[in-house]
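The values are calculated or read from the model by the stated rules, or taken from the named source; none is laboratory data. None of these values were measured; they are calculated from a predicted model. Ideal geometry is used to build each Cβ from the backbone, glycine not excepted, and the neighbour counts take in all protein chains shown.
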Protein chains: 2
Amino acid sequence: MSKTTIRDVAKRAGVGVGTVSRVLNNSPSVSEATRQKVQTAIASLNFIPSQAARRLSQGKTMAIGVVVPFFTNPSVVRRLQGVVSVLSVSEYDLILFDIEKVDRRDMALRSIPQRNLADGLLLVSLTPSDMDVEQFALADIPTVLVDAYHPALNRVLVDNAAGGYQATKHLIDLGHRQIGYISDYLNDPFNSPVRDRFTGYKRALAEAGIDFRPEYHRQGEHGRFQAQQMTHDLLALPDPPTAIFAYSDTQAIGVIEALRELSLSVPDDLSVIGFDNIEAAEYLRITTIRQALFDSGVKGAELLLSIMAAPPQTPQEILLPTELVTRRTTIQHNNAF
Amino acid sequence: MSKTTIRDVAKRAGVGVGTVSRVLNNSPSVSEATRQKVQTAIASLNFIPSQAARRLSQGKTMAIGVVVPFFTNPSVVRRLQGVVSVLSVSEYDLILFDIEKVDRRDMALRSIPQRNLADGLLLVSLTPSDMDVEQFALADIPTVLVDAYHPALNRVLVDNAAGGYQATKHLIDLGHRQIGYISDYLNDPFNSPVRDRFTGYKRALAEAGIDFRPEYHRQGEHGRFQAQQMTHDLLALPDPPTAIFAYSDTQAIGVIEALRELSLSVPDDLSVIGFDNIEAAEYLRITTIRQALFDSGVKGAELLLSIMAAPPQTPQEILLPTELVTRRTTIQHNNAF
DNA sequence: GGATCAAATGGAACCGGTTCCATTTAGCGA
DNA sequence: TCGCTAAATGGAACCGGTTCCATTTGATCC
């Protein structure tokens, strides 16, 4: 029942509303004696200033909207944790939006800036369309992309092409020449990393003089079970790969489970490399490409805060490196020398 | 630059502000012709109603505050995913608060209802103090606890004592009589599950006529590495346990890593059982106690929404069951029969 | 002692919606 | 055609803060 207002406080303290407001905002131009009187009145009335009223009169929301797709995806969660670690110690509240369905994407992305309930927007692993970007500009809302790209927007990126190259190169260096790639759908317009890693994969193959074999590339919905199925498909090939590069660690886990089903040994029968270095990859000793997931969230949040403080002329870009982490799922291939 | 207001729209459409407001809120008492005029004006001015103003005049925030401790804890994340799955399709926004430090707990819990920026509050794995609860009542803010208990508040609970009993009973049934328990600090006032599971552990021992041996119980900060260390301590005992019950799967992973360091085999040399059934437990084939993590979040969010719609007279309680999931880290103990 | 100026304070106007009451308009029956 | 009621509409007041301008207070200096 916090219906006490600033005017009640003013009356109780025997001062004007402006003075109470000044006390609330630590304005220096209030005498110590008055400040005390007001503080006493606030305490005795159990007064709680209305955030809504403050927001309306100041024209600021003191909130940041964070939009994530598939909140169940572990790498998205890890990035979000980085975002949260920064925002939870900032003066901004974090409003979380989860977009599970593609058809909700457009609606959500359009409605968030419109309702202007946030002073800034952070999109994680989500590529906005040109129309969305236009909306952001119209609403004049500072926006940062994490793990997604748009030329007009500030972004924190991971060098996915380099990562795809590193992964494939690692397998090639181990003597593998038949290397499968299991990934999400390449033609998803909102998922550019899947294409970038594929580019790196093909470049590594080309450099090593290995022809790209389309039948070695399988694509499907992202997920452990789908990857498991695709692995079975790959291994049913007349000339199956000796190593598999999985687009994500989650998918690498699916690959490994498929092999377990077939009583095949990893890495002796087949080498597997993942991507992301999520926690489970460490537990399962999966060789993978580490990308700074948590850090990308941190950097994204920091970038957003700095942009909100001082808007840059041109979109900023932060590029994070990838790194090979060698564990137990990849091994030298015993070529028929 | 969304400085167009409802008055601009009214002028443009040649109607009163009240009528525009009615159109915005789909009031039935507007003629179709007028509605069209207003819609046209809204579209041509690119008008965006201010959420802040609406909130102030309506006295509702249309937001729900969700507070989690240690957002990096996988079981907390899983619960949160359940919460998000419900709220993201509701008409409420989700404001996320993460409390990493204990000293921020009090401040956060007190300030959230105070700033009344949420119509409802959901605390995950976080026990509020009596003083906090008083604040909630004072602010008249509907509150639900998930995985935490307070007599005056609505809650969604897991039967931790039963789970602790099940875990210990399972080990006893396998022939183990020297059973260690690795846990968080028992005296943490805000962590009641740790005590409940301990109670179940002791009850199972007592029923089997096994004396509780204090040296078999180790407690420390929650975490994989801490559990790893405690395992080393336990195994350095003159008469070490043959099985270990870990308070959480995360800690069970630490136990297993310690054993790997000692070149001991799980489960042949030592049986290990965890708690929670997080995803990694499945990958690592860890025997554990399943609790409905995701579902607890779903139930909590649903309960909160229903309470906000119709406040119950007495605090509601939902109790979720636990279930033994047998995998590869526990095995029959070869007793000296 | 009086003039000057800075500090402290009061309070109306404002932020942009919603709501409710007063007023106008339309529809219908006699 | 008049009267009555219901539907549609206009707009002031309000939500509870902030801000800015006008005013009061008090100290300083000549």
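Couple of notes before you dig in:
- When B:S27, B:S21, B:S57 are screened for being outside any helix (DSSP H, G or I) and near DNA strand D (Cβ under 9 Å from one of its atoms), only B:S27 passes.
- Taking region A:51-82 as the range and being hydroxyl-bearing (S, T, Y) and surrounded by fewer than 20 Cβ atoms within 10 Å (Cβ to Cβ) as the test, the residues that pass are A:S57, A:T72.
- The single residue among A:V86, A:V68 that is more than 13 Å from DNA strand D (Cβ to nearest atom), out of contact with any Gly (no Cβ under 6 Å at 6 or more places or on another chain), modelled with pLDDT of 90 or more and not in a helix (DSSP H, G or I) turns out to be A:V68.
- Among the residues of region A:281-299, the ones that are within 13 Å of another protein chain (Cβ to nearest Cβ) and touching an Asp or Glu at 6+ places or on another chain (Cβ under 7 Å) come to 3 in all.
- Pairs linking a residue in region A:30-43 that is within 14 Å of chain B (Cβ to nearest Cβ) to a residue that is within 9 Å of DNA strand C (Cβ to nearest atom), with Cβ atoms under 9 Å and 6 or more positions apart or on different chains, are A:I42/A:A13; A:I42/A:V20; A:I42/A:V23.
- The set of residues in region B:5-18 that are part of a loop (DSSP other than H, G, I, E, B) and more than 9 Å from DNA strand C (Cβ to nearest atom) comprises B:G14, B:V15.
- Among the criteria (1) in a strand (DSSP E or B); (2) farther than 20 Å from A:D106 by Cβ, the one A:K202 does not fulfil is (1).
- Inter-residue pairs, beta-carbon under 7 Å, first under 14 Å from B:N160 (Cβ atoms) and in region B:313-337, second in a loop (DSSP other than H, G, I, E, B) and modelled with pLDDT of 95 or more, 6+ apart: B:L319/B:D159; B:L320/B:A292; B:P321/B:D159; B:T322/B:D159
- Residues (touching a residue at least 40 places away in the same chain (Cβ under 8 Å), over 15 Å from B:L293 (Cβ atoms), more than 14 Å from chain A (Cβ to nearest Cβ) and assigned to a loop (DSSP other than H, G, I, E, B)) located in region B:250-280: B:P267, B:D268
- Residue count for region A:129-142, restricted to those that are assigned to a loop (DSSP other than H, G, I, E, B) and in contact with a Ser or Thr (Cβ under 8 Å, 6 or more places away or on another chain): 1
- Failed condition for A:I318, given (1) in the same structural domain as A:G175 (by TED's automatic domain parsing); (2) not in a helix (DSSP H, G or I): (1)
- Listed conditions (1) of a type in the set (A, V, I, L, M, F, W, C); (2) farther than 22 Å from B:E91 by Cα; (3) touching a helix residue (DSSP H, G or I) at 6+ places or on another chain (Cβ under 9 Å); (4) within 16 Å of DNA strand C (Cβ to nearest atom) are all met by A:A53, apart from (2).
- Criterion: crowded, with 24+ Cβ neighbours inside 10 Å and of a type in the set (A, V, I, L, M, F, W, C) - qualifying residue of B:L145, B:L117, B:L157: B:L145
- Annotation note: Cβ proximity below 7 Å between a residue of region B:132-153 that is assigned by TED's automatic domain parsing to the domain that holds B:M308 and a residue that is charged (D, E, K, R) and not in a loop (DSSP other than H, G, I, E, B) (sequence gap 6+ or interchain) occurs for B:D132/B:R110; B:Q135/B:R110; B:V144/B:R155; B:L145/B:R155; B:V146/B:R79; B:D147/B:R79; B:A148/B:R155; B:Y149/B:R155.
- Condition check for A:I179: within 14 Å of chain B (Cβ to nearest Cβ) and either surrounded by 19 or more Cβ atoms within 10 Å (Cβ to Cβ) or hydrophobic (A, V, I, L, M, F, W, C) (or both): no
- Here A:R104 meets the list (1) in a loop (DSSP other than H, G, I, E, B); (2) basic (K, R); (3) more than 16 Å from DNA strand C (Cβ to nearest atom) almost entirely, failing just condition (1).
- Applying the criterion of being among the β-branched types (V, I, T) and within 8 Å of DNA strand D (Cβ to nearest atom) to the residues of region B:30-54, the residue that is nearest to the chain's Cα centre (by Cα) is B:V30.
- Any hit, region A:295-307, residues being surrounded by fewer than 18 Cβ atoms within 10 Å (Cβ to Cβ) and either in contact (Cβ under 8 Å) with a residue 12 or more places away in the chain or more than 30 Å from A:A63 (Cα to Cα) (or both): yes
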